[in-house]
Every structure is written in C-alpha cells, then in structure tokens.
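All remarks here apply to the structure that follows.
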Amino acid sequence: MIHSDQGCMTQSMSRKGNYYDNAAIENFFGILKSEFLYLKEFESIEHFKQELEQYIDYYNQKRITTKLKGMNPIQYRTMPRKAV
C-alpha cells in the first residue's frame with residue numbers, strides 16, 4: 001500500500017487525508033522532492049529512472065541524519081536493539 005497526499009491507492013484503515021498512517025512515506029517523498037526532483041533536469045524517462053535509483057541508494061546507504069543517531073537508514077534498521 002502506498003499513500004500520497006492525494007489519498008491512497010488501495011483502501012487503508014483510515015479516512016483520506018489522515019496522515020498518521022503514512023507519515024513516514026510522506027516524509028520520504030518530501031525529502032525526495034526537495035533533494036532530488038526539484039534540483040535536476042532529466043533528459044528522458046530512462047535517465048530519470050537511473051538517477052532515481054542512484055538517489056535511493058544514496059538515501060539508504062550514505063545519507064546520515066541526526067534523527068537516526070548519526071546513521072544512515074540501513075545502519076539504523078540493522079543495529080542491535082536492547083531487550084526490554
């Protein structure tokens with residue numbers, strides 16, 4: 001299921017416009033647009049796909065943030081968690 005600010009592609013448990021169930025993907029698309037889409041011009045659909053693949057690789061493996069304790073998303077998701 002993929003959500004956007006225009007609702008959803010398949011039925012979700014919440015009403016249209018309720019961002020709590022898709023806040024993470026909305027955040028990702030906002031970052032994608034500001035760091036990638038608005039900064040580049042693409043020669044073709046194939047060029048766009050290649051650049052998008054490179055950006056997603058960068059986002060997951062190289063882009064660090066303070067929200068993730070100075071790690072990239074892959075490092076953060078795979079770090080050992082303390083048992084509660």
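Some points to look at:
- Inspection of the range 16-35 finds no residue satisfying the criterion of being in contact with a Leu (Cβ under 8 Å, 6 or more places away or on another chain) and at pLDDT 90 or above.
- Extreme residue, surrounded by the most Cβ atoms within 10 Å (Cβ to Cβ), among residues of the range 31-84 that are touching a helix residue (DSSP H, G or I) at 6+ places or on another chain (Cβ under 6 Å) and among the aliphatic types (A, V, I, L, M): L68
- Remark: pairs (first residue in the range 59-78, without any contact (Cβ under 8 Å) to a residue 40 or more places away in the chain; second residue of a type in the set (S, T, N, Q) and open to solvent by 90 Å² or more (accessible area, probe 1.4 Å); Cβ separation under 6 Å; 6+ apart in sequence or on different chains) = N72/Q61; I74/Q61.
The values are calculated or read from the model by the stated rules, or taken from the named source; none is laboratory data. The shown structure was predicted, so the numbers you read here are calculated from the model rather than taken from an experiment. All Cβ positions, even for glycine, are placed from backbone atoms using ideal geometry, and neighbour counts span all protein chains on display. Note: areas computed on protein heavy atoms with side chains; ligands, DNA, RNA excluded. Shrake-Rupley method; radii C 1.70, N 1.55, O 1.52, S 1.80 Å.
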